[in-house]
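Beneath this line is the structure, given in structure tokens, with notes to follow.
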Amino acid sequence: MPGALQRPAVVTRVSDLIGRTPLLELAATETGSRLLLKLEMFNPTGTAKIRMARAMVDAAETAGRLRPGGRIIESTSGNTGLGLAVIAAERGYAFTAVVDNHACADKLRGMKALGTELVYVVDDGAEELATAAREELAEDMARGHDNTVFTEQHNNPANGDGYSPVAHELVEALGGKIDVLIAAVGTGGALFGTAREMGRLIGGFSVVGVEPKGSIAFGGPAHDYYQSGTGTPEGAELGALVDFDLLDEGVKVGDIEAFATCRAVARTGLLIGGSAGGVVHEALTRLSALPPGSTVVALINDGGEKYMDTVFNDDWMRERDLLSPEVEREIDELLTKLRENR
């Protein structure tokens, strides 16, 4: 296996395990095109976002904004907070996560277990995504306090920088043979940070961004959605890392299709998170229309283990009119057909 994908035999810090995540061929066509999943759930905390969490803390330390005994504050729907919780614990910082009840309960429990202070922007138990309110509160909490940093993931250049290694891992593993890079777009860090660095290494690939229906990065209409950790809800500002100059196509996938894909993929033996379901759904539906021999790489930013109470819970899905056996069956049939060609 290429060197970039080999983990060291022994490490001294959890953060030393970041990166070098594997690629899984999920599906292929009769014409030789294939869909490869970059499985970022093999990072500590089961998510890609620990990559940028470390990069943001590194940048704050380098700039002298964060010193021993300091505090990190961030607005998070869960995965960024989990990453920052690990880095803070390793380096002796306090960490305050500003959250809402839209986040999966397991993510909130995980942050708390890692020593994080959770501050809820709403306390009425409402499930609505409160990105704008969270960020405003996080900024207010950090303002005027010495040795306290609001990492501000949506507008922090270090977020994108944290994903540069993903590009190197992909190019080394695939010898530069990448035709389509597809990923969810929330802050924009993962897709555009990877794409920008990959563009320096190779050319000739297209970039496809996926957001939930209801998100506004690629236009309206705006409405609530249940895919967590992704998209730009109404009232929130588009992150500074979303780079339309790098984007070839921006598409929307609804919650029903995204979650049905998670559940269908689970029956192949792989658990993926809700927004990853949207990415895989889009990749699967376009794979057969690509030129023969195309290689599609989908960034799978977290695993499905954190979604047992939501995406993989029939009662939760049914109560929100998200459960669709018909859509699941369609995806099952498409997956079965495409997996026969591997």
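The values are calculated or read from the model by the stated rules, or taken from the named source; none is laboratory data. Not measured: the values here are computed from a predicted model. Glycine also receives a Cβ, built like all others from the backbone with ideal geometry; neighbour counts cover every protein chain displayed. Each accessible area value is taken on the protein alone, full model and side chains, heavy atoms only, with ligands, DNA and RNA left out. Shrake-Rupley method; radii C 1.70, N 1.55, O 1.52, S 1.80 Å.
Summarise the accessible area of segment 160-230 (1.4 Å probe, protein heavy atoms) by the percent that is carbon and sulfur. Please report the intermediate quantities before stating the final value.
Details: 1140 of 2270 Å².
Answer for segment 160-230 is 50 percent, counting heavy atoms of protein chains only.
Please give the per residue accessible area of the chain, computed with a probe of 1.4 Å over protein heavy atoms only, in Å².
Accessible surface, normalised per residue, equals 41 Å².
Please give the Cα centre distance for segment 168-225 versus segment 270-342, rounded to the nearest Å.
So the separation of the two Cα centres works out to 17 Å.
Write down the Å³ per residue value for the convex hull defined by the alpha carbon atoms of the chain. Can you show the working numbers first?
Working: hull volume 45.1 nm³, N = 342.
Taking the convex hull of the Cα positions in the chain, it is 132 Å³ per residue.
Using a probe of 1.4 angstrom, how much of the accessible area of segment 56-103 is carbon and sulfur, in percent? Numbers along the way, then the final one.
Working: 670 of 1380 Å².
Carbon and sulfur: 48 percent of the exposed surface of segment 56-103.
With contacts defined as alpha carbon pairs under 8 Å and 6 or more residues apart, what's the relative contact order of segment 206-318 in percent?
24
Using a 1.4 angstrom probe on heavy atoms only, work out the carbon and sulfur share of the accessible area of segment 241-333 in %. Show your work: numbers first, answer last.
Working: 1790 of 3750 Å².
Carbon and sulfur atoms account for 48 percent of the accessible area of segment 241-333.
Hey, which lysines would be in cross-link range of Lys306, C-alpha to C-alpha under 26 Å, not counting anything within fewer than 8 residues on its own chain?
Within the straight-line cut-off, Lys306 pairs with Lys38, Lys49, Lys107, Lys112, Lys213, Lys252.
Heavy atoms only, probe 1.4 angstrom, no DNA, RNA or ligands counted: give me Phe150, Phe244, Phe312 ranked by accessible area, highest first. Mind showing how you got there, number by number?
Numbers: Phe150 25, Phe244 95, Phe312 50 Å².
Of Phe150, Phe244, Phe312, the descending order of accessible area is Phe244, Phe312, Phe150.
Rounded to the nearest 500, what is the chain's calculated 222 nm mean residue ellipticity when only DSSP H runs of at least 4 contribute -39500 (n - 2.57) each, over all residues?
The helix contribution divided over the chain gives -11000 deg cm²/dmol.
Apply the a/c threshold of 1.5 to the C-alpha gyration tensor of segment 170-304 and tell me whether it is rounded, prolate or oblate.
oblate
When a/c is below 1.5 the answer is rounded, else prolate if a/b is larger than b/c, else oblate, so apply that to segment 141-220 with a ≥ b ≥ c taken from the square roots of the Cα gyration tensor eigenvalues.
Oblate, because a/c is 1.5 or more while a/b does not exceed b/c.
Among 153-164, 9-20, 330-341, 297-308, how do they line up by average Cβ neighbours within 10 Å per residue, starting with the highest? Before the final figure, lay out the partial values.
Working: 153-164: 22.7, 9-20: 14.2, 330-341: 15.8, 297-308: 24.2.
For the peptides 153-164, 9-20, 330-341, 297-308, the packing ranking is 297-308, 153-164, 330-341, 9-20.
Which of the three applies to segment 1-151, rounded, prolate or oblate, going by the alpha-carbon gyration tensor with a ≥ b ≥ c and a/c under 1.5 meaning rounded?
Note, shape of segment 1-151 comes out oblate.
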